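Chemist: Quick one: this structure, given as structure tokens, is what I'll be asking you about.
The values are calculated or read from the model by the stated rules, or taken from the named source; none is laboratory data. What you see is a predicted model; the values in this text were computed from it and never measured. Ideal geometry is used to build each Cβ from the backbone, glycine not excepted, and the neighbour counts take in all protein chains shown. Just so you know, the surface numbers come from the protein's heavy atoms only, side chains and all, with ligands and any DNA or RNA stripped out. Shrake-Rupley method; radii C 1.70, N 1.55, O 1.52, S 1.80 Å.
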Amino acid sequence: MAVLLFHAQLGLKGGYVGVDIFFVISGYLITTILLRTIDGGTFSLVDFWARRVRRILPALGVTVLVTLVAGYLILMPHEFEELGKSSMAQVLMLANVHFWKSFDYFAGPAEQAPLLHMWSLAVEEQFYLIYPILLCFVRGRYPRVVLAGAWVVALGSLLLSIQGLTTHRAATFYLLPTRAWELLAGCIVALSPGRLSASGRISDWLAWLGLASMGASMFLYDAKLPFPGAAALPPVLGAALVIHATGGPGGSVVGRLLSTPWLVSLGKFSYSIYLVHWPLMAFSRILWGEIPLWMGLLLCALSLVLGALSWKWIEQPFREKTLLPSVGGLFLAAGTFSTLVAGLSLWMVVSKGAASRFKGYDPVLLEDTLWSGAEFLYDLRKTRFDVASAPVVGRQMGTSTNRLDFVVWGDSHGAVLCHLIHQLALDRGLTGRALIAAGIPPLPNITRPNVLQPQAATRAIKADFIQFLSNQPPRNLILISRWSAFLDAQPDAQGRSGVVGIEDESTSEGVGGEAGRLERNQAIIRRNLQVLADLCVRHGITLWVFKQVPETGGAETATEWLRCHVGKQKVPTNRRRSLAAHHAQQSLVDAILDDHGHGIWKTVDPAPYLFDADGYTVNFRGGRACYRDGNHLTRWGTAVLRVPMDQWLGEMVRQP
């Protein structure tokens, strides 16, 4: 229920910890079953997996199949193709790996991925591919080290999770090595010698403590908190404590409370509820945008009803062996169905999302939904900056001794504008390179602790880049960024705050709480922009700072336009931002960028060219979308800036 309320945006901002609690319960229940069969001499890996197939696959299979059919009817080609990739990953039990490479779980695009929730099932099944075999082997030969071994592996996984948040946040969230300790917490409770034998009063207090720990996490956490890592300890340990304490002699008040019929029924239905709730919410967001309160309540109620029906008519017949009673028949049916889904998924990918469904389909409009300037991103896997491997912008430099005309340093906004700069620089015969990393501020010393990019790599690359500017200074350095995101000054298109904040490694500033965040972030940006400007002055580099491209009010502007074009939507919502709202959003940023430090940097403002005569953003032009989403231009949209950008480049050429 916690996850359901979180996804429906019904006030439980930390409800995502329900998945972590589920991992603990799963580890406990499966270990209890395994111990009973191992110690009783009846353990069979075939029987174990047959039980898992009966428990997991029927409801899962129906949910995936219905989701694919709904996707065929609702989704645009690029969305349907992505759904095919995620369903294929689910068949291979690699959904968590797929989404690790694709989405930030808490970001806007992830909210429209109908099978995103399959990542947690993949983690669980990967764990149970290994765990039963290890437990059977160690329990049989070295029974005294089973519990100690579980503790060692769990602590190692926890430490990896804590460390991973600082270097590989997405991998830490999605992958088994950094999640295994949560499952092992439940396993350790089951493996502990004897259940809690304390008095009923102590059991009650411990159970209430565990319940409070879980509840506090659900109500006090939010999507901005780096997670899992150490932040997952309260809900995980709370769940383990409740399980341990409520199993003592005579039970406890909490145990009796959790055993009430309606909670027991909710527990029975919980798996099916979890399966159906997310596709319902994802498709609702795709069709209608944000989920208002009334729709969130309706979707929760519908999820409960469908979950109960799924439990009764799909789960139970298989678990009670009314359907496919033989193990051989079960595995044959499971293999056949998985092959069917895999084949369907492959067709979705190969057919480019079954684009032939739409008579009015135009590949040019599809490009506006997909193109992001990714060809200009620096490969962070290199872990160090090397100008020779940096993307070329403009003409290729002749020899290593030549001085570059310019270097672009930016985030994803820089990637988009690099396309236009590249074309214009080619026309003018200018040589340039780019250091583009999505979500990373293009300034020295500044890090963002909650972004997906590997932190250690970005720190090293930044340090190398600053050294490059000193040793091989280009004539011009161009900074392009979504500056307001680093101040956390405004919510994003989904109404959420943009970032946790930024930190200045040179002073350790910026690691405090909410109070004074904007002022701290503003001071950090101002100080490090000045640091960079001083370096440019020392080495004869002209520093250009591009102000931010105006944001619109829409989340999926190009996709909405494509949906209208093929008849799936009557008119685009065309949410637009006024020039006055843009200036208000940028006021704190402009206070920094307009303070030129006696002319040691020059500012360029694209905003005047991206508003119409009425003072609103130009979301659509010439039958195409100018914005891919709420803040990134399409390739078509960048054409609006072609004339002024060429003038700015001409001014750079005239610099001494």
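Chemist: Please go through the range 329-360 and give me each residue that is surrounded by fewer than 12 Cβ atoms within 10 Å (Cβ to Cβ), under 17 Å from Thr67 (Cα atoms) and touching a residue at least 24 places away in the same chain (Cβ under 8 Å), ordered by number.
Modeler: Matches in the range 329-360: Trp347 only.
Chemist: Suppose the filter is over 30 Å from Leu83 (Cβ atoms), open to solvent by 20 Å² or more (accessible area, probe 1.4 Å) and modelled with pLDDT of 90 or more; does Leu129 pass it?
Modeler: When the stated conditions are applied, Leu129 does not pass them.
Chemist: Something else: Could you list, in sequence order, the residues of the range 218-256 that are modelled with pLDDT of 80 or more and over 21 Å from Ala185 (Cβ atoms)?
Modeler: Phe219, Asp222
Chemist: Going through Ala59, Ala110 one at a time, which residue ends up being in contact (Cβ under 8 Å) with a residue 12 or more places away in the chain and either open to solvent by less than 10 Å² (accessible area, probe 1.4 Å) or not β-branched (Val, Ile, Thr) (or both)?
Modeler: Ala59
Chemist: For the range 361-410, what are the residues that are open to solvent by less than 40 Å² (accessible area, probe 1.4 Å), of a type in the set (Asp, Glu) and out of contact with any Phe, Trp or Tyr (no Cβ under 9 Å at 6 or more places or on another chain)?
Modeler: Matches in the range 361-410: Asp405 only.
Chemist: For residues in the range 136-150 being free of Cβ contacts under 8 Å to residues at least 60 places away in the same chain and surrounded by 13 or more Cβ atoms within 10 Å (Cβ to Cβ), which is farthest from the chain's Cα centre (by Cα)?
Modeler: Val138
Chemist: Can I ask one more? Of the residues in the range 599-656, how many are more than 30 Å from Gly540 (Cβ to Cβ) and assigned to a loop (DSSP other than H, G, I, E, B)?
Modeler: Of the residues in that region, 15 qualify.
Chemist: For residues that are of a type in the set (Lys, Arg), surrounded by fewer than 22 Cβ atoms within 10 Å (Cβ to Cβ) and under 28 Å from the mean Cα position of the chain (by Cα), tally how many sit in the range 625-645.
Modeler: Matching residues across the range 625-645 total 1.
Chemist: For the range 405-446, what are the residues that are part of a loop (DSSP other than H, G, I, E, B) and either charged (D, E, K, R) or free of Cβ contacts under 8 Å to residues at least 12 places away in the same chain (or both)?
Modeler: Asp405, Asp411
Chemist: What's the number of the condition Pro261 fails, among (1) without any contact (Cβ under 8 Å) to a residue 60 or more places away in the chain; (2) farther than 22 Å from Trp313 by Cβ?
Modeler: (2)
Chemist: What about Val236, is it out of contact with any strand residue (DSSP E or B) (no Cβ under 7 Å at 6 or more places or on another chain), assigned to a helix (DSSP H, G or I) and over 30 Å from Leu115 (Cα atoms)?
Modeler: no
Chemist: Additional query: Can you work out which of the residues in the range 1-52 that are more than 19 Å from the chain's Cα centre (by Cα) and among the charged types (D, E, K, R) is surrounded by the most Cβ atoms within 10 Å (Cβ to Cβ)?
Modeler: Arg52
Chemist: Now for a separate question. So how many residues does the range 198-235 have that are of a type in the set (S, T, N, Q), more than 21 Å from the chain's Cα centre (by Cα) and buried (at least 17 other Cβ atoms within 10 Å of the Cβ)?
Modeler: Here the count works out to 2.
Chemist: Going through the range 62-90 one residue at a time, which ones are open to solvent by 10 Å² or more (accessible area, probe 1.4 Å) and either over 25 Å from Ala354 (Cβ atoms) or over 21 Å from the mean Cα position of the chain (by Cα) (or both)?
Modeler: Result: Val62, Thr63, Leu65, Val66, Val69, Ala70, Tyr72, Leu73, Ile74.
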